[in-house]
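Before any comments, here is the structure.
Every read-out reported here was derived from the displayed coordinates using simple, explicitly stated rules and does not represent laboratory data. Bear in mind the structure is a predicted one, so any value in this text is a computation, not a measurement. Reconstructed Cβ throughout: ideal geometry from the backbone, glycine too, with neighbour counts over all protein chains shown.
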Amino acid sequence: MSVIKAVNVTKTYNETKVPVHALNGINLEVSEGEFTAIVGPSGCGKTTLLNILGGLDHPTKGSVEVANTNITNMKDNKLIDFRLQNIGFVFQAYNLIPVLTNKENVEFIMLLQKKDKKFRNERSMDLLTQMGIADKANQRPSELSGGQQQRVAVARALASKPKFILADEPTANLDSKSTATLLDIMAKMNQEEKATFVFSTHDQRVIDKAKRVVTLEDGVVVSDVTK
Amino acid sequence: MILKIAWKNVWRSRGRSLVVIGSIVVGIWALLFGTGFMNGFMVGYMANIIDHDISNIQIHNPEFKKDLDIKFFIKNGEEKASTIRTWEGVKGATTRTIVSGMISSPKKASGIQIRGVDLKNEAIVTSLDSIVSEGTYFEGINRNPVLIGSKLAENLSVKVKSKVVLTFNDSHGNITAAAFRVAGIVKSSSLSINEMYAYVRQEDINRLIGQEGQVHEIAIITDPRFEESAIVNKYTSIYNGDIAESWREIAPELAMMSEMYSSMLYVLMTIILTALVFGIVNTMLMAVLERFRELGMLMAVGMNKVKVYFMILIETVFLGVVGAPIGLFIGWATIHYYTLNGVDLSNYSEGLEAFGYSSILYPYLDTNVYITVTIGVIITAVIGALYPAWKAIKLNPVEALHKI
């Protein structure tokens, strides 16, 4: 069953002045449980594609379906709610809320989903345990290393039980040891929780770990390899 | 959790938040103290005029009110005053004989109003005995004692026990003069008392004008818990032919001043709170701009715009919620202290007394003012948050997430 279906997606910036074609007719389908890496050189359109697949940006042409719902022309407010229920995000710079504890950061998404306190508590502790940072639950993000913060971010993305998780260059700020640990955890979550991951990356270690690698060049898919 | 985040966000930049909270505290304190100070002036001024001079209610023969002709007495005035004293809400009632005339000393003469007073009841109604600054309250002089105001005594160059001559018309229109001896000098912040009145015993003046047992004025002091209008209505419903007026009608300029001072509170509040709005907007705008990426993340992961908007709004209200009670408490404590001890303005006493103000000021604030100020601060905080909150929800998550 496909969770993402992008058909002929085009994105052009500055349409009225000097147009920049970031994406040129991308067709992409991602099925449940995939561990997909979108790769390519800087400026090839990886982040733009992820933003469009995640409903953070609208395509200039084409359509995007997530879990059989067409989100192409969805209104902003509706999209926010849709993202909350269906999509998890992991950002390159972690983007955790500094004033909350790590556990509260994970709980926060479930709170927005109006999950009850007991569920939130159990799920957040369970995820932090799986990430190997349960002992850091009551600390603030600033007290953790970059790799640990990114693990909290992954736990936060998984907390809402999304249809898939989009991770934009998740290892770009991490050292090799942290990268390896994070990739192992994500692979484990992919297998155990059946979580669907779509990464943008040019980190070879991530590419090696991915089950499917989609390569972009100048806004076009030039290869799509399933291992 | 939004409340929790908002609260924690307030303390993210502790110094900046403390500056805003400090400005709220100072603003509220200044507002309360300024209002209390002005109110103290007003209440003190009005209390002096009402308590020592015009009283809460006055009753006259309507014809007497027109030109102070002494032949227009209140019929059965003493009897009516005795009845009024028994009414609920009346603290005291006194009768007066009022005659226009001249006072002369060996050096000067001056136009005055001679007030023949019932010594016991006048002391109850106007506390005349309490404002005797020199000499006694009609004691120590057996024949024709008189009390005069301090300014009048100065103008006439007379002292206690000096002899003065009062000249006036009797009830037949004949000019009558009688020698009086100054028993005491009264001093009040009321210009009339200091300059215009000569108090004599009622029986002395009545004997001299040839109308014994008659009165021109009944002055009533009321219990503050009772409406003056109720007593005025009661009197007019029982006694026809007399005119009963509350202080608002006797001295409409006082009532107008009272209203003017009330509206000054709102003017002062508007000025201070407007200044506060700009401080709050500035702080919250900085807080929003600093957290652009975080706000973008919140919207990206599913926090809707209404929640983001309210989070910023709540953060601002928290600033007010922390600052307002401190400001209210300090304001209340300052006013409470000075209400008990008074603000000594004796350095400016001459100028203040020239305008009828007391040189010791007792700031006063009604509970309503504290409530009004609290509501005002909360509204200010909300207004101050509107623009930064609007700015927050207008951001594009994609752009915000890539802001460095």
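Rounded, prolate or oblate, given the Cα gyration tensor of region A:134-189, with a/c below 1.5 counting as rounded? Oblate. Peptide packing for A:114-122, B:31-39 was compared via the average number of neighbouring C-beta atoms within 10 Å per residue; ordered from the highest value, the list is B:31-39, A:114-122.
Rounded to the nearest whole Hz, the Karplus-based 3J(HN,Hα) values (6.51 cos²θ - 1.76 cosθ + 1.60, θ = phi - 60°) of region A:83-100 follow the sequence 4, 4, 8, 10, 10, x, 10, 10, 9, 4, 9, 6, 6, 7, 7, x, 8, 9, with x at glycine and proline.
Considering helices alone, the calculated mean residue ellipticity of the protein assembly as shown at 222 nm is -15500 deg cm²/dmol, with DSSP H runs of length four and up weighted by -39500 (n - 2.57) and normalised per residue. Cross-link partners of B:K151 among aspartates and glutamates, defined as those whose alpha carbon lies under 13 angstrom from its own and excluding same-chain residues fewer than eight positions apart: B:E134, B:E195, B:E350, B:E353.
For every other residue with a beta carbon closer than 12 angstrom to the beta carbon of B:I250, add +1 if it is Lys or Arg and -1 if Asp or Glu, then tell me the sum.
On the way: positive: B:K65, B:R248; negative: B:D53, B:E217, B:E228, B:E245, B:E249, B:E253.
Combined, the nearby Lys, Arg, Asp and Glu give -4.
When only Cα pairs below 8 angstrom with a gap of at least 6 residues are kept, region B:259-404 shows a relative contact order of 47 percent. Rounded to the nearest 10 degrees, the inclination of helix A:146-159 to the longest alpha-carbon principal axis of chain A is 80 degrees. Note on chain B: Cα convex hull, mean projected area over all directions, 25.6 nm².
With viscosity 0.692 mPa s and temperature 37 °C, the Kirkwood radius over alpha carbon pairs of region B:315-404 converts through Stokes-Einstein to a diffusion coefficient of 194 µm²/s.
Please identify the DSSP H helices in chain B that span no less than 20 Å along the helix axis (Cα) and have a mean Kyte-Doolittle hydropathy of -1.0 or more. Kindly include the intermediate steps, with their values, before the conclusion.
Numbers: long enough: B:14-49 (51 Å, 1.24); B:252-290 (57 Å, 1.42); B:305-341 (53 Å, 1.20); B:367-393 (39 Å, 1.43).
The answer, listed by residue number, is B:14-49, B:252-290, B:305-341, B:367-393.
For region B:138-258, the C-alpha radius of gyration sits at 1.30 times the compact-globule guess of 2.2 N^0.38 Å, with N the residue count. In terms of its Cα atoms, the protein assembly as shown spans 130, 51, 43 Å along the principal axes, sorted from long to short. The Rg/Rh ratio of region A:1-125, with Rg taken over Cα atoms and Rh as the Kirkwood radius over Cα pairs, comes to 1.02.
Quick check of the Kirkwood formula: for region A:2-226, what is the inverse mean of 1/r over all pairs of different Cα atoms, in Å? Working shown, then result.
Values: mean 1/r = 0.0563 Å⁻¹.
Result for region A:2-226 stands at 17.8 Å.
Between beta-carbons, use under 10 Å as the cut-off and find the net charge around A:T48, counting Lys and Arg +1, Asp and Glu -1. Each step should come with its number before you reach the end.
On the way: positive: A:K11, A:K46; negative: A:D57.
Combined, the nearby Lys, Arg, Asp and Glu give +1.
Using a Gaussian network model of chain B in which every pair of alpha carbons under 10 angstrom is joined by a spring, one finds that among B:S262, B:S13, B:S23 the greatest mean-square fluctuation is at B:S13. Nearest-5 percent of antiparallel DSSP beta bridges in region B:62-241? The antiparallel fraction comes to roughly 75 percent.
Among B:K187, B:K71, B:K307, the largest mean-square fluctuation in a Gaussian network model of chain B, built with springs joining Cα atoms closer than 10 Å, belongs to B:K307. Within region A:2-226, antiparallel bridges make up roughly 55 percent of the DSSP beta bridges whose residues both belong there.
State the antiparallel share, in %, of DSSP beta bridges confined to the protein assembly as shown, rounding to the nearest 5. Walk me through the numbers on the way to the answer.
On the way: 64 of 91 bridges.
Beta bridges within the protein assembly as shown, antiparallel portion: roughly 70 percent.
Which GluC sites (Glu not before Pro) from region B:30-108 combine a DSSP loop assignment with at most 16 other Cβ atoms within 10 Å? It would help to have the intermediate numbers written out before the result.
Working: sites: B:E63, B:E78, B:E79, B:E88; in loops: B:E88.
Those that pass, being in a loop and sparsely packed, are B:E88.
Look at the alpha carbon pairs under 8 Å that are at least 6 residues apart: their mean separation over the length of chain B gives a relative contact order of 26 percent. Report the local net charge at B:D223: Lys and Arg +1, Asp and Glu -1, summed over other residues whose C-beta lies under 9 Å from its C-beta. Charge balance near B:D223 sits at +1. Once divided by 2.2 N^0.38 Å, the Cα radius of gyration of region B:62-241 becomes 1.04.
In a Gaussian network model over chain A where Cα atoms closer than 10 Å are linked, find which of A:L84, A:L28, A:L112 has the largest mean-square fluctuation. It is A:L112. Placing a pseudo-label 7 Å from each Cα along the Cα-to-Cβ vector at A:E122 and B:E134 gives an inter-label distance of 9.4 nm. Starting from the Cα gyration tensor of region B:70-147, take the square roots of the eigenvalues, sort them a ≥ b ≥ c, and report rounded, prolate or oblate (rounded when a/c is under 1.5, otherwise prolate if a/b is larger than b/c, else oblate). Cα axes put region B:70-147 in the oblate bin.
Classify region A:186-227: rounded, prolate or oblate, from the alpha-carbon gyration tensor (a ≥ b ≥ c, eigenvalue square roots; a/c under 1.5 rounded; otherwise prolate if a/b is larger than b/c)?
Verdict is prolate for region A:186-227.
Relative to the dominant Cα principal axis of chain A, helix A:117-130 is inclined by about 80°.
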